[in-house]
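Step one of this worksheet: look at the structure below.
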Amino acid sequence: MRRPLRLLVLVSGSGSLLQALLDAQAAGALPVEVVAVGADRAGCAGLERAEAAGVPTFVEAVCAHADRTAWDAALAERVREHTPDLVVTAGFMKILGPATLGSATFLNTHPALLPSFPGAHGVRDALAHGVRVTGSTAHLVDAGVDTGPIIEQRVVEITDEDTQESLHERIKVVEREMLVDVVTAMATGGWRVEGRRCLVG
Ligand code: GAR
């Protein structure tokens, strides 16, 4: 039998995406082992969720290093220590540097339908633009900002009453399901990149 995929998760905030992975693993529905959770800030709720699940955690804050290059090298080392098969950036709000990107394969989910509305404010920007549908995108991480090969996208309709908060909450419901489905598919069937496409299974 194939061994469970070794998954490392990076968080910055509330960690509800991480929780979806932990819950699926605990339910036996996800053929992965979350081997560690890392954050770029101490005390975030995502770290507390990991600790509650008995998963080892680490913090690598940019401000603890002389510059971004030093932070990048330290984060790459932390990732390598855990020998993950896949790293999920689950609401991790820092751009990864070249050393970190070279240490593993990274999967990100973004709260918009890429290539529209990349960056840190995907929900706000979609709402401000007046689009009628948005959603979430699962993609591999490359050196750009939300530019890596797309694996899957799910759509969420925008209503006239939506605020940034209400829309983001509905996107996150869809995003959590999509993340569990994509990680399951990657763990079960593997993946390969062909140009702009990431083929899973
Ligand atoms: C998610 O919507 C994720 O896509 C977004 O942060 C949220 C994290 O939620 N990430 C980005 O915007 C990255 N550009 P969580 O902390 O509850 O898991």
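How high is the relative contact order of the chain, in percent, counting Cα pairs under 8 Å that sit 6 or more residues apart?
Relative contact order comes out at 19 percent.
For the stretch 54-111, what is the accessible area per residue in Å², given a 1.4 Å probe and the full set of protein chains? Please list the in-between numbers first.
Numbers: 2490 Å² over 58 residues.
Value for the stretch 54-111: 43 Å² per residue.
Amide H neighbours of F58 under 5 Å, at least 5 residues apart or on other chains, H built in the peptide plane: list them.
Amide H to amide H, under 5 Å and 5 or more residues apart or across chains, F58 pairs with V37, G38, A39.
What is the distance, in nm, between label points placed 7 Å from the Cα along the Cα-to-Cβ direction at A45 and at E77?
3.3 nm
Kirkwood-based Rg over Rh for the chain (C-alpha set), two decimals?
0.95
With a 1.4 Å probe and all protein chains left in place, how much of the accessible area of the chain comes from carbon and sulfur atoms, in whole percent?
Carbon-and-sulfur percentage of accessible area, whole number: 54.
Residue by residue through the stretch 106-121, what is 3J(HN,Hα) from phi via Karplus (6.51 cos²θ - 1.76 cosθ + 1.60, θ = phi - 60°)? Round to whole Hz and write x for glycine and proline.
Karplus-based 3J(HN,Hα) across the stretch 106-121 equals 10, 10, 10, 10, 10, x, 6, 8, 5, x, 6, 6, x, x, 7, 10 Hz.
Say a paramagnetic label sat at a point 7 Å from the Cα of T105, along Cα to Cβ; which residues of the stretch 156-198 have their backbone N under 18 Å from it?
In the stretch 156-198, the label zone of T105 (backbone N under 18 Å from the point 7 Å along Cα→Cβ) covers 179-198.
Output the Kirkwood hydrodynamic radius of the stretch 83-199, Cα pairs only, in Å rounded to one decimal. Let's see the in-between values first.
Details: mean 1/r = 0.0682 Å⁻¹.
This gives a value of 14.7 Å.
Net charge within 13 Å of P118 by Cβ-Cβ distance, Lys/Arg positive one each and Asp/Glu negative one each, not counting P118 itself? Spell out each step's value before the answer.
Details: positive: R124; negative: D125, D142, D146.
Around P118, the charge tally is -2.
Could you give each residue of the stretch 68-81 its phi-based ³J(HN,Hα) in whole Hz, using Karplus coefficients 6.51, -1.76, 1.60 with θ = phi - 60°, and x for Gly or Pro?
4, 5, 5, 4, 4, 5, 5, 5, 4, 5, 4, 4, 4, 3
Under 1.5 on a/c is rounded, so check that first for the stretch 137-191, then, if it is not, pick prolate when a/b is larger than b/c and oblate when it is not; a ≥ b ≥ c are the square roots of the alpha carbon gyration tensor eigenvalues. Before the final figure, lay out the partial values.
Working: a/c = 3.18, a/b = 1.69, b/c = 1.88.
Because a/c hits 1.5 or more and a/b fails to exceed b/c, the stretch 137-191 counts as oblate.
Given the C-alpha centroids of the stretch 127-194 and the stretch 50-119, what is the distance between them in whole angstrom?
Rounded to whole Å, the Cα centres lie 18 Å apart.
The values are calculated or read from the model by the stated rules, or taken from the named source; none is laboratory data. Quantities reported herein were computed from a predicted structural model and do not represent experimental measurements. Positions of Cβ are backbone-derived with ideal geometry, glycine not excepted, and every protein chain shown enters the neighbour counts. When the accessible area is computed, the model is the full protein with side chains, heavy atoms only, and any ligands, DNA or RNA have been set aside. Shrake-Rupley method; radii C 1.70, N 1.55, O 1.52, S 1.80 Å.
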